[in-house]
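Below: the structure, in structure tokens.
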Amino acid sequence: TCDTGDQQTTAAVKLKEAAATIVERLKDVATYEGEDAVFECRLSRETAQDAQWFLGDVPLQSNEMNEIRVQGTHHSLILRKVTLEDCGSVSFKVGQHSSAA
């Protein structure tokens, strides 16, 4: 706001969140049945954008079988006690960017 006493004008600053990119991509994981499989990736910045993990085409949530962690720019997925049915593609998506292993 600029106020000269008898006149006043006001303007606003609006910011758009810059899109995060994936700087450390997912790597393939090989493990034994009954063990945990850990997938990790790192983003270019902390973001409020929705990040989502997938097993095949199925979106994952944290529960007793899947643990999803976010620590700053570091995102991880732990598939607990994997079975043969868990074999397949794991992917991570944020904004328009994705990585798969």
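The values are calculated or read from the model by the stated rules, or taken from the named source; none is laboratory data. Quantities reported herein were computed from a predicted structural model and do not represent experimental measurements. So basically every Cβ, Gly included, is an ideal-geometry build from the backbone, and we count neighbours across all protein chains shown. Heavy atoms of the whole protein, side chains included, go into the accessibility calculation; ligands, DNA and RNA do not. Shrake-Rupley method; radii C 1.70, N 1.55, O 1.52, S 1.80 Å.
Quick notes on this structure:
- Residue under evaluation Tyr32, criteria (1) among the hydroxyl-bearing types (Ser, Thr, Tyr); (2) open to solvent by 60 Å² or more (accessible area, probe 1.4 Å); (3) part of a strand (DSSP E or B), criterion not met: (3)
- Residue in segment 80-93 that is open to solvent by 40 Å² or more (accessible area, probe 1.4 Å), over 14 Å from Ala37 (Cβ atoms), part of a strand (DSSP E or B) and at pLDDT 90 or above present: yes
A quick yes/no check of all residues on (1) loosely packed, with under 10 Cβ neighbours inside 10 Å; (2) of a type outside the set (Asp, Glu):
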position	(1), (2)
Arg25	no, yes
Asp36	no, no
Trp53	no, yes
Asp57	yes, no
Ser98	no, yes
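- Listed by first and then second residue, the pairs linking a residue in segment 30-48 that is aromatic (Phe, Trp, Tyr) to a residue that is assigned to a loop (DSSP other than H, G, I, E, B) and modelled with pLDDT of 95 or more, with Cβ atoms under 6 Å apart and 6 or more places separating them unless they lie on different chains, are Phe39/Leu26.
- Residues of segment 1-23 satisfying the condition of being part of a loop (DSSP other than H, G, I, E, B), of a type in the set (Val, Ile, Thr) and surrounded by fewer than 10 Cβ atoms within 10 Å (Cβ to Cβ): Thr1, Thr4, Thr10, Val13
- For segment 14-32, the candidate set comprises residues that are at pLDDT 85 or above and aliphatic (A, V, I, L, M); within that set, the residue that is farthest from the chain's Cα centre (by Cα) is Ala30.
- Residues of segment 63-79 that are open to solvent by 70 Å² or more (accessible area, probe 1.4 Å) and in contact with a strand residue (DSSP E or B) (Cβ under 9 Å, 6 or more places away or on another chain): Met65, Arg69, Val70.
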